[in-house]
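Since the structure comes first, as C-alpha cells, the remarks are kept for the end.
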Amino acid sequence: MTTTKLKPDWAGDDFLSRLVNRAIQTPALYSLMKRQARQVLIKTAEKNGVPWRQTCLDLDTPEMRQRLAELTNPAVVYPDYYQVPFHAYSEGNLCWQAAFEAAPATYAMALRIWPQEDLSWQEAQARLRQSFLAVLDQHGPAQVTDILDLGCSVGISTLSLHRHYAPKNPVRTVGLDLSPYMLAVAQSQDSRGEIAQWVHAAAETTGFAAASFDLVTMQFVTHELPRTATQAIFAEARRLLRPGGALAIVDNNPQSPVIQALPPVLFTLMKSTEPWSDDYYTFDLEAALVEAGFEPPVTVPTDPRHRTLVARRGG
C-alpha cells in the first residue's frame, strides 16, 4: 500500500534538504545556481515563442518610470522577509528587471506544467488560470461584486480574475502588491482601465475597511512567504471579507507527485531562488486558515503541480 507523502524530501529538515541548503549557502555555488535557474526559464520561454527580451525592451520607457513615481506609497515599510533575493534577482521584487521579466517568467512556468503536451504558451497560461477559476465557480461565493487580488505582481492574475466575473455582473477589482515596480507594469498592461485600483501596500496591512470584499485571492503568493507573514495575511483577509465571502489560494502542491519527484538539479535550482521554500512546504495552510477564523477549506489539486484552496469566512 502506497501512502502520499505530505511534502517533498528536499524540503524541511530532512537530510536531503539540509544538504541542498548548505550548497545554496555557498556563495560561488549560489551564484551559479541563480544564473542557471534564470537560463532554464528563458530557454523554456523563448523556445516556445515567448518574446522574453523584446518584452523587457518594450516595457523600458520613461512613461513606465513615471508610473512608478505615481504608484509608490512612501508610507510603505518593507518587511525583512521581502528584502531578500527572490527569483535570481539580488533586489528581489524591488527592481525593474524583476518586473519586466515577470510576465515572460509566468508564461514559461505554465509551459513547464504540461511538458509532454504540445501547447502554445497562450494555451498553457489559459489552462492554468481556468483551472483556478473553475474551482472558484464551484466552491467560491455565490455573489461577487468586490474582489481583492493580494500579491498581484504584474496583474496577469488580476485581469484574469476580473474578466471571469465581470461578464456576470458589475465588479470592482483591486490589485495589491508590495512592489511598486510590479504595479507600474500591471497598470501599463491594464490598457482599458478594467481594474479599479492598483495599490502599493503590504498584504498584512492593506488599509482597506473591514468587510470590503466578497472574494480575496492569493495566486502563487504563499510559497514566497514565511509562515508568520502568511498567518498575518490570513487574519487580514478574514477582516476584509464580508459574511459569505471567501479567500481563495492557488499555489504549489506539496503532495504533488511531480513536485515530489523533481530531479535534484531542478529542485536545487528552485530552492536557490525561493528563500521560503522550506517554510512553505512544511506549513499546514488548511490548519492555519481555520486558526485564522475561516471554515475548513476545500482543497482541490488543480493541475499536476498546483492546488487550490477555498476558505469561507467563518462567523
task = Return yes when Gln97 is of a type outside the set (Lys, Arg), without any contact (Cβ under 8 Å) to a residue 24 or more places away in the chain and assigned to a helix (DSSP H, G or I) and no when it is not.
result = no
request  = Residue by residue through the stretch 191-217, note down the ones that are among the hydrophobic types (A, V, I, L, M, F, W, C) and either part of a loop (DSSP other than H, G, I, E, B) or without any contact (Cβ under 8 Å) to a residue 24 or more places away in the chain (or both).
outcome  = Ile195, Ala196, Ala201, Ala203, Phe208, Ala209, Ala210, Ala211
task = Mind counting the residues in the stretch 6-38 that are surrounded by 19 or more Cβ atoms within 10 Å (Cβ to Cβ), modelled with pLDDT under 75 and not in a helix (DSSP H, G or I)?
result = 0
remark   = Residue set Ala105, Ala124, Ala75; condition over 17 Å from Val199 (Cβ atoms) and either at pLDDT below 95 or in a loop (DSSP other than H, G, I, E, B) (or both); output residue Ala105
query = Given (1) open to solvent by 60 Å² or more (accessible area, probe 1.4 Å); (2) farther than 22 Å from Ser256 by Cβ; (3) in contact (Cβ under 8 Å) with a residue 40 or more places away in the chain, where does Pro74 come up short, assuming only one miss?
reply = (3)
inquiry  = Would you confirm whether or not the stretch 92-101 contains a residue that is exposed (fewer than 13 other Cβ atoms within 10 Å of the Cβ) and more than 17 Å from the chain's Cα centre (by Cα)?
reply    = no
query = If you check His162, His139, which single one turns out to be open to solvent by 30 Å² or more (accessible area, probe 1.4 Å), modelled with pLDDT of 95 or more, within 28 Å of Gly314 (Cβ to Cβ) and out of contact with any Cys (no Cβ under 8 Å at 6 or more places or on another chain)?
reply = His139
remark   = Within the stretch 231-279, of all residues that are of a type outside the set (A, V, I, L, M, F, W, C), open to solvent by less than 10 Å² (accessible area, probe 1.4 Å) and in a strand (DSSP E or B), the one nearest to Gln36 (Cα to Cα) is Asp251
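The values are calculated or read from the model by the stated rules, or taken from the named source; none is laboratory data. Everything numeric in this text was worked out from a predicted model, so none of it was measured. When we count neighbours, we look across all protein chains shown, and the Cβ atoms used for this are built from the backbone with ideal geometry, even at glycine. Each accessible area value is taken on the protein alone, full model and side chains, heavy atoms only, with ligands, DNA and RNA left out. Shrake-Rupley method; radii C 1.70, N 1.55, O 1.52, S 1.80 Å.
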